[in-house]
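> First the structure, which I've put down as structure tokens, then a few questions once you've had a look.
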Amino acid sequence: SETNPHFLFNCLNVLQYLIHEDADRASDYAGKLAGVYRYFLKLEKSTVVMLEEELEFVGKYCDLMRERFGAAFVTDIDIPREYNEARIIPCALQMMIENAVKHNIVNSENRLRITVRADSRFITVSNNLNPKQQAGDANGMGLRNISRQYEMLFSRSVEAGKAGSEFVVRIPLIL
């Protein structure tokens, strides 16, 4: 999975700001950014990873987003430990969170709330909608790409769409 150049650009801007404001936070942030990239590099050849690893990575990724958006970026990730050994396509969860950020306004007036849950069949990622005015397909390439991988590897489908005031993605849990 290739890294979004905008992600790196935004992270470096945040880091540059933090270096002047708070050296300890800058150091912590740089460490998390390195951790995120280590995961990207390690996974170049992996088809699946354990959910536990993906969740650890998503935690670091969300910390980077929180540093950028502050209290406007809210996550609630609660996955029972019994699913730690389940398998997931690398960066599938991270990409859903990245999509939520990319397609919604995130500022002090418009909080983005992302919830991640699991049951025996799916990991469900949902977020409230404050859509940016933009042309193009709201689901983007990332979602289609991941869907294709699940179809090919497991003959299971990723389900995605609006549900009331939320956008919901259901990623198959491979136990």
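> Could you give the dipole magnitude of the stretch 49-96 about its Cα centre, charging the beta-carbon of Lys and Arg +1 and that of Asp and Glu -1, in debye to the nearest 20?
Roughly 220 debye for the stretch 49-96.
> A follow-up question, please. Any number yet on Rg/Rh for the stretch 1-42, C-alpha, Kirkwood?
On the Cα set of the stretch 1-42, Rg over Rh gives 1.02.
> What are the radius of gyration and Dmax of the stretch 6-100, computed over its Cα atoms and given in Å?
Expressed in Å, the Cα Rg and Dmax of the stretch 6-100 come to 14.0, 43.
> Can you list the equivalent-ellipsoid semi-axes of the stretch 109-175, largest first and in whole Å, using the square root of 5 times each Cα gyration tensor eigenvalue?
Values for the stretch 109-175, descending: 23, 16, 8 Å.
> Rounded to the nearest percent, how much of the accessible area of the chain (1.4 Å probe, protein heavy atoms only) is carbon and sulfur?
50 percent
> For the stretch 52-175, what value does the Rg/Rh ratio take when both radii are computed over Cα atoms and Rh is the Kirkwood radius, given to two decimals?
0.95
> Hey, another quick one. Given a cut-off of 24 Å, name the pairs among 60/102; 42/162; 32/102; 132/162 whose C-alpha atoms lie farther apart than that in the structure shown.
The answer is 42/162.
> What dipole magnitude, in Debye to the nearest 20, does the chain give about its Cα centre under +1 on Lys/Arg Cβ and -1 on Asp/Glu Cβ?
440 debye
> Further, regarding this structure: Could you provide, to the nearest whole Å², the per residue accessible area of the chain with probe 1.4 Å?
55 Å²
> Let me ask something else. Might you report the magnitude of the Cβ-based charge dipole of the stretch 94-133 about its Cα centre, with Lys and Arg at +1 and Asp and Glu at -1, to the nearest 20 debye?
40 debye
> Cα centroid distance between the stretch 86-100 and the stretch 1-51, in Å?
For the stretch 86-100 versus the stretch 1-51, the Cα centre distance is 15 Å.
The values are calculated or read from the model by the stated rules, or taken from the named source; none is laboratory data. These numbers were taken from a predicted model, which means no experiment stands behind them. Ideal geometry is used to build each Cβ from the backbone, glycine not excepted, and the neighbour counts take in all protein chains shown. Ligands, DNA and RNA are excluded from the accessible area calculation, which covers all protein heavy atoms including side chains. Shrake-Rupley method; radii C 1.70, N 1.55, O 1.52, S 1.80 Å.
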